[in-house]
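Contents: one structure, followed by commentary.
The values are calculated or read from the model by the stated rules, or taken from the named source; none is laboratory data. Model, not experiment: these values are computed from the prediction. Using ideal geometry, Cβ is built from the backbone for each residue, glycine included, and neighbour counts are taken over all protein chains shown. Remember, those area values only see protein heavy atoms, side chains included, never the ligands or the DNA or RNA. Shrake-Rupley method; radii C 1.70, N 1.55, O 1.52, S 1.80 Å.
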Amino acid sequence: MRVDVLTTFPEMFAVEAPAALGVSIPGRAARAGLVEVVATDIRGFAANKHRKTDDRPFGGGPGMVMMCQPLWDAVMHVEALDPRAATRVLLSPQGRPLTQGLVEELAGRSRLLLIAGHYEGIDERVVEALEPLEVSLGDYVLSGGELAAMVVIDAVVRLLPGVLGDGESAGQDSFSKAPGAGGRRLLDCPHYTKPREWMGRAVPEVLLSGDHARIEAWRLAQRVERTRARRPDLLGAGGDGADSAGAGG
Ligand code: 4G0
């Protein structure tokens, strides 16, 4: 997969240590050639002599608005670097909530183009012209879309074939469709490792039993119970959570 990021802070996407995308699973995926993340500076496309990418809002008010021209030209340039059609994703507080279902959908694309805006927003006309999928991490505001873009990259990359080893399947994660639970998206079960007893707290006996059918039944029951207690919204009508996988836009 190729992932392009359009940003005015491309240095945030460095793959060299100590960058976020250079360590752990995303770093390993990049070194294995399973994903290539290329950050391009929108400022390099600003046609005005001050290389400005933002200006004051028509109608007044605080803050700055990202201009149409630099972003449009940057998208056209980056898309022409690779023949595969890019799925355009704009990180925005007004976007569709990111869920594991949407992450799975994005992981099926061969090319993503993530657009990280700053300021109070982006001129609506370039958003209309680009028709990106607008995606939000949640109901809060960040200084820019870069950290949101990195969250999307991390969540997508770990689903790419060959990224996770045998011992770390994504099929057991929180929000993966639970087999034996009607494909519901459930929270994960609790996990334990050595020692068997720590500060007077024992590991649940069933996990030491060696009875794999009993262990799987216990884990599923724990997932259902935790989900009921902490995230009853995930068990709502249809049992599918609020995250159908369609691309929308
Ligand atoms: C305001 C995403 C701020 C408007 C981006 C972008 C939070 C999220 C920003 C835009 C962000 C989130 C219209 C692109 C940048 N903050 N919740 N800050 N537009 O996912």
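Of note:
- Residue selected from the stretch 115-155 under the condition more than 11 Å from the ligand (Cβ to nearest atom) and within 20 Å of GLU11 (Cα to Cα), by the criterion surrounded by the fewest Cβ atoms within 10 Å (Cβ to Cβ): ASP154
- Flag if VAL163 is modelled with pLDDT of 95 or more, within 30 Å of PHE13 (Cβ to Cβ), in a helix (DSSP H, G or I) and out of contact with any Asp or Glu (no Cβ under 8 Å at 6 or more places or on another chain): no
- Filter pass, ALA39 being open to solvent by 70 Å² or more (accessible area, probe 1.4 Å) and modelled with pLDDT of 95 or more: no
- Against the numbered list (1) in contact with a Gly (Cβ under 6 Å, 6 or more places away or on another chain); (2) among the hydrophobic types (A, V, I, L, M, F, W, C); (3) without any contact (Cβ under 8 Å) to a residue 40 or more places away in the chain, VAL135 comes up short only at (3).
- Here is the figure for the stretch 86-104: residues that are open to solvent by less than 40 Å² (accessible area, probe 1.4 Å), within 14 Å of the ligand (Cβ to nearest atom) and either in a strand (DSSP E or B) or within 20 Å of MET76 (Cβ to Cβ) (or both) total 5.
- Evaluation of GLU124 against (1) without any contact (Cβ under 8 Å) to a residue 24 or more places away in the chain; (2) closer than 25 Å to ALA20 by Cβ (one fails), failing number: (2)
- Residue match in the stretch 159-168 (condition: within 14 Å of the ligand (Cβ to nearest atom) and free of Cβ contacts under 8 Å to residues at least 60 places away in the same chain): no
- Yes/no for GLY180 being assigned to a loop (DSSP other than H, G, I, E, B), open to solvent by 20 Å² or more (accessible area, probe 1.4 Å) and more than 9 Å from the ligand (Cβ to nearest atom): yes
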